[in-house]
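The values are calculated or read from the model by the stated rules, or taken from the named source; none is laboratory data. The structure presented is a predicted model; accordingly, all values stated were derived computationally and were not measured. Every residue, glycine as well, gets a Cβ built from its backbone with ideal geometry; the counts of neighbours run over all protein chains shown.
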Amino acid sequence: MEYYRPITLRAADRPDGALPLAGGWLWFSQVEVLRRDGPARVLPVADVPAEVRDRLTAPRPAFAGVPMDRPTVMGILNVTPDSFSDGGRFTNPEAALAQARAMAAGAEVLDIGGESTRPGAAEVPVEEEIARTAPVIAAMRGLGAVISVDTRKAAVAQAALAAGAGIVNDVAAMGFDADMAGVVAGAKAPVILMHSIKTPATMQDNPVYDDVVLDVFDFLAERIARAEAAGIPRSRIMVDPGIGFGKTVVHNLAVLERLSVYHDLGVPILLGVSRKRFIGTIGGEAVADRRMPGSVAVALAGVAQGAQMVRVHDVAETRQALSLWMAVNGGAK
């Protein structure tokens, strides 16, 4: 099997014959072809199979009403006592709503999570997770941002959708709870499918891959197919390669280096790197909430490979950085 990674170009660098990437702000005139059984090679777009060109260039439809032709921001709101960066800060409903209002000024999507998925985290009972998330989601309606619920559990997703959420963000790619696909399909809700291995409690126990970039691709392709079989159209699917989930620093960097290969799946890409441990390891910052500069740097690297949405704690800082990146790279709209 061959995997096609568009080699991205800024609008300002676009040569004759270059094609638009996913209908967005970047272009490509060459594609790196990856294989498991041989070295990579580079092809001009004219030599790429037509169906692949169509998949790589096709504009991605709006996701829950959010346009995918420019970089967008998902703000993180953890209503948990034990999340790795901001656990305990927003368990009070008033504090959570105040943070949501602040983030809504710069984020198209607000992602509400009631269960920590940090390495080593224990599972939260369904009833407790619903009690943490559903009332906050209901109070957030009308802020102007789409609300996403970050959960692996069908009952939590169902309660969140009833309370006003518009997206289900499942870090288990609907593999944890057998009822999740039915809930998402029945509600006609968009879903984000993220790559991970095992559970948060065990995912960092010596993760091993044959080829992490391609293993993640195959996992996501299989989960997309499973979602479509359950009645969820591709137009309502986004993928997340799961940086920091069941991956070492080396794995994370490999996925980031070739992030644009996931455009070959034909759906939008969410990149979540904010404040993660590998940023602290490389940047020399042990305290999670001091990793904003490194988080913004990696988010911009993802945008430079066409990631349509970045999931962040530091919304205002990321929005400012994106505005400047788009302006100096000729992609401002």
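Restricting attention to the stretch 237-251, does a residue exist that is surrounded by fewer than 16 Cβ atoms within 10 Å (Cβ to Cβ) and among the aliphatic types (A, V, I, L, M)?
Yes, some residue in the stretch 237-251 is surrounded by fewer than 16 Cβ atoms within 10 Å (Cβ to Cβ) and among the aliphatic types (A, V, I, L, M).
Looking at Arg311, is it of a type in the set (Lys, Arg), assigned to a helix (DSSP H, G or I) and under 17 Å from Ala107 (Cα atoms)?
no
Within the stretch 113-130, is even one residue modelled with pLDDT of 90 or more, in a strand (DSSP E or B) and acidic (Asp, Glu)?
no
The conditions are (1) farther than 30 Å from Tyr4 by Cβ; (2) surrounded by fewer than 24 Cβ atoms within 10 Å (Cβ to Cβ); (3) modelled with pLDDT of 90 or more; (4) out of contact with any Gly (no Cβ under 6 Å at 6 or more places or on another chain), and Val146 fails exactly one of them. Which is it?
(4)
Of everything in the stretch 113-140, what is acidic (Asp, Glu) and either more than 28 Å from Arg277 (Cα to Cα) or buried (at least 19 other Cβ atoms within 10 Å of the Cβ) (or both)? Give them in sequence order.
Of everything in the stretch 113-140, those that are acidic (Asp, Glu) and either more than 28 Å from Arg277 (Cα to Cα) or buried (at least 19 other Cβ atoms within 10 Å of the Cβ) (or both) turn out to be Glu115, Glu127, Glu129.
Which residue is farthest from Ala18 (Cα to Cα), if the candidates are limited to the stretch 34-52 and must be without any contact (Cβ under 8 Å) to a residue 60 or more places away in the chain and either touching a helix residue (DSSP H, G or I) at 6+ places or on another chain (Cβ under 6 Å) or buried (at least 18 other Cβ atoms within 10 Å of the Cβ) (or both)?
Looking at the filtered set, the residue picked out is Val48.
Scan (1) in contact with a strand residue (DSSP E or B) (Cβ under 7 Å, 6 or more places away or on another chain); (2) in a helix (DSSP H, G or I); (3) over 25 Å from Phe245 (Cα atoms) for the single condition Ala160 breaks and write down its number.
So the condition that Ala160 fails would be (3).
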